[in-house]
Amino acid sequence: MEFPSEDIFLMTASPVIKAITNFKQVSKTLEEFDVEEQPSSLLEKRYPNIKVIQSGVKQLKSDEHKIFTEDGKVYMYEKLCLCAGAKPKLIFEGNPYVLGIRDTDSAQAFQKNLAQAERIVVVGNGGIALELVYEIEGCEVIWAIKDKAIGNTFFDAGAAEFLIPKLTTEKRETPIECKRTKYTMEGSEEKEGRIAASDKLGSALGPDWHEGLHLKGTKEFSHKVHIEILCEVKKIHLQQEFIQLQRTSLTFPKEEKHVELDEVLWPVYVELTNGKIYGCDFIVSATGVVPNVKPFLDGNNFAIGEDGGLKVDKHMRTSLPDIYAAGDICTASWEPSPLWHQMRLWTQARQMGWYAAKCMAADTLGESIDMDFSFELFAHVTKFFNYKVVVLGKYNAQGLGLDHELMLRCTKGQEYVKVVMQSGRMMGAVLIGETDLEETFENLILNQMDLSAYGEDLLNPDIDIEDYFD
């Protein structure tokens with residue numbers, strides 16, 4: 001938009017592009033939006049100076065300002081922004097029974113495999129694992145997590161305790177309205193058999209990726225989830241190997257009953273670090289992502305962050321001239337606001353992409369630019385177990401040391417409110433359910449007002465806190 005006469009190339013390995021639609025600014029820093037897959041021709045029609053090149057990148061030669069694509073072409077650039085996202089961290093690469101869920105193709109492969117499954121093992125404790133175990137019906141789920149409580153990325157043990165009853169309820173309630181878009185790959189060929197697609201990267205899944213997928217196994221019950229805490233996968237045995245080892249596996253645990261040995265033969269067996277072995281149809285690896293930097297490293301001396309991302313400064317510039325990065329591929333290496341931290345989420349990817357474009361434009365015109373306001377406060381709204389979930393600031397007291405206190409309000413089955421206080425000031429909050437407190441709490445965190453005088457009344461349900469601080 002700023003440079004209508006300049007040629008802008010968008011290189012993508014995917015036949016579709018992801019578009020943000022129905023964008024809604026919920027509050028100063030909270031935002032909701034839909035993510036839609038659209039044909040790239042729509043973008044080209046809207047902006048005649050944009051050309052979409054459908055090809056993967058084979059090599060980047062930063063010293064020559066050239067990009068070599070897999071279809072054998074070479075492109076020169078003045079400024080380049082790398083937005084190649086991240087790929088699933090598979091627990092075991094190349095095992096046909098281990099499935100990572102990251103893009104539209106792998107989500108559809110998962111749905112196909114689940115339709116014939118009686119039992120699966122889910123490994124991981126982040127957003128995708130949380131959504132999966134809640135959405136799956138008609139299939140036994142053994143959920144292996146390395147933490148003490150579920151949803152460690154977003155919650156503390158108290159919030160986990162609040163959510164767990166939802167995993168055992170037989171009757172499914174109507175899902176809260178989901179305005180976001182369903183994902184389909186129009187015209188993509190059917191992929192046969194099992195795939196552990198971590199090498200080929202499709203289009204990353206958006207929020208509410210499971211909407212529109214029929215996540216049902218072969219059985220006639222709804223939820224059947226057993227959680228194994230404080231453990232990881234030690235080894236995976238294929239059926240033949242398992243028989244030769246003459247080991248024993250366990251049945252799906254029943255309440256308050258002694259452990260029973262499993263007589264059924266399963267295609268694959270998972271040995272956990274706590275000594276237990278479970279047979280299953282396949283394993284879902286939902287153990288997070290790694291920045292997809294590999295295609296760009298050969299011959300380029302990028303500064304890399306501890307988490308494997310390309311380090312970027314406060315103007316989204318990498319360590320190499322004229323190369324910027326945004327979203328999951330990058331590691332924010334500026335001195336962050338005390339209330340913000342990086343997480344590989346859709347909301348941050350959108351904010352970073354928008355801000356990187358503004359920085360590229362400002363650098364080209366030789367203008368200065370201020371840090372975008374979205375990096376002042378960490379703010380994310382999502383949905384878990386059919387509850388609205390809002391996390392703000394240092395919601396798990398990240399990096400606050402020991403001199404902080406927590407205040408809680410919990411109504412079973414309805415809402416869970418937690419605020420993190422330090423020296424009388426609100427530093428973070430977790431809001432589960434329809435609390436209507438997000439805007440008020442966002443303001444209290446941002447303006448760092450001393451709230452010592454209000455004490456416990458801050459969460460008193462009989463006091464209308466919104467009116468109090470209007």
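The values are calculated or read from the model by the stated rules, or taken from the named source; none is laboratory data. Note that this is a predicted model, so its numbers are computed, not measured. Virtual Cβ from ideal backbone geometry, glycine too; neighbours counted across all protein chains shown. Note: accessible area is taken over every heavy atom of the protein model, side chains too, but ligands, DNA and RNA are not part of it. Shrake-Rupley method; radii C 1.70, N 1.55, O 1.52, S 1.80 Å.
Pull out all pairs, ordered by first then second residue, where Cβ-Cβ is under 7 Å, the residues are six or more apart or on different chains, the first lies in region 36-49 and is free of Cβ contacts under 8 Å to residues at least 12 places away in the same chain, and the second is β-branched (Val, Ile, Thr) and surrounded by 14 or more Cβ atoms within 10 Å (Cβ to Cβ).
Every condition considered, the pairs that remain are Glu44/Ile50; Glu44/Val52.
Among (1) within 27 Å of the chain's Cα centre (by Cα); (2) closer than 23 Å to Lys28 by Cα; (3) at pLDDT below 95; (4) not polar (S, T, N, Q), which single condition is Gly424 missing?
The failed condition is (1).
Going by the conditions given, is Lys412 of a type in the set (Lys, Arg), surrounded by fewer than 19 Cβ atoms within 10 Å (Cβ to Cβ) and either in contact with a Gly (Cβ under 9 Å, 6 or more places away or on another chain) or without any contact (Cβ under 8 Å) to a residue 24 or more places away in the chain (or both)?
On the way: of a type in the set (Lys, Arg): yes; surrounded by fewer than 19 Cβ atoms within 10 Å (Cβ to Cβ): yes; either in contact with a Gly (Cβ under 9 Å, 6 or more places away or on another chain) or without any contact (Cβ under 8 Å) to a residue 24 or more places away in the chain (or both): no.
When the stated conditions are applied, Lys412 does not pass them.
Of the residues Thr440, Thr435, which single one is part of a loop (DSSP other than H, G, I, E, B), crowded, with 16+ Cβ neighbours inside 10 Å and among the polar types (S, T, N, Q)?
Matching residue, one of Thr440, Thr435: Thr435.
Looking at region 361-375, I want the residues that are in contact (Cβ under 8 Å) with a residue 40 or more places away in the chain and have a partner that is of a type outside the set (S, T, N, Q) and surrounded by fewer than 13 Cβ atoms within 10 Å (Cβ to Cβ) with Cβ atoms under 6 Å, at least 6 apart or on another chain. Which pairs are those?
Matching pairs, first to second residue: Ala361/Glu2.
Does region 443-458 hold any residues that are in a helix (DSSP H, G or I) and either open to solvent by less than 10 Å² (accessible area, probe 1.4 Å) or touching a Ser or Thr at 6+ places or on another chain (Cβ under 6 Å) (or both), and which are they?
Within region 443-458, Leu444, Ile445, Leu458 qualify.
So how many residues does region 316-370 have that are open to solvent by less than 20 Å² (accessible area, probe 1.4 Å), in a helix (DSSP H, G or I) and among the β-branched types (Val, Ile, Thr)?
Here the count works out to 2.
Kindly indicate the residue of region 156-175 that is in contact with a helix residue (DSSP H, G or I) (Cβ under 9 Å, 6 or more places away or on another chain) and at pLDDT 85 or above and also surrounded by the most Cβ atoms within 10 Å (Cβ to Cβ) among those meeting that condition.
Among those residues, the one meeting the criterion is Leu163.
Looking at region 135-153, which of its residues are open to solvent by less than 10 Å² (accessible area, probe 1.4 Å) and within 23 Å of Lys412 (Cα to Cα)?
Ile150, Gly151
Mind listing whichever residues of region 86-114 are small (Gly, Ala, Ser) and either at pLDDT 90 or above or not in a loop (DSSP other than H, G, I, E, B) (or both)?
Ala86, Gly100, Ser106, Ala107, Ala109
Quick check: anything in region 267-288 open to solvent by 20 Å² or more (accessible area, probe 1.4 Å) and hydrophobic (A, V, I, L, M, F, W, C)? Before the answer, list the steps.
Within region 267-288, the first condition is being open to solvent by 20 Å² or more (accessible area, probe 1.4 Å), and the residues that meet it are 267, 273-276, 281, 287-288.
Next, only the ones that are hydrophobic (A, V, I, L, M, F, W, C) stay: none.
Checked region 267-288: no residue is open to solvent by 20 Å² or more (accessible area, probe 1.4 Å) and hydrophobic (A, V, I, L, M, F, W, C).
Taking only pairs six or more apart or across chains, which ones have beta-carbon atoms under 7 Å, a first residue in region 296-312 that is assigned to a loop (DSSP other than H, G, I, E, B), and a second residue that is open to solvent by 70 Å² or more (accessible area, probe 1.4 Å) and basic (Lys, Arg)?
What qualifies is Ala303/Lys311; Gly305/Lys311.
Lys146 fails exactly one of the following numbered conditions: (1) modelled with pLDDT under 90; (2) closer than 27 Å to Cys330 by Cβ; (3) not acidic (Asp, Glu); (4) not in a strand (DSSP E or B). What is the number of that condition?
Result: Lys146 passes all but (1).
Could you count how many residues in region 27-53 are part of a strand (DSSP E or B), in contact with a strand residue (DSSP E or B) (Cβ under 6 Å, 6 or more places away or on another chain) and either open to solvent by 50 Å² or more (accessible area, probe 1.4 Å) or not polar (S, T, N, Q) (or both)?
Residues that pass the stated criteria total 11.
Starting from residues that are farther than 30 Å from Leu132 by Cβ and open to solvent by 30 Å² or more (accessible area, probe 1.4 Å), keep the ones in region 78-113 and report whichever is nearest to the chain's Cα centre (by Cα).
This residue is Cys81.
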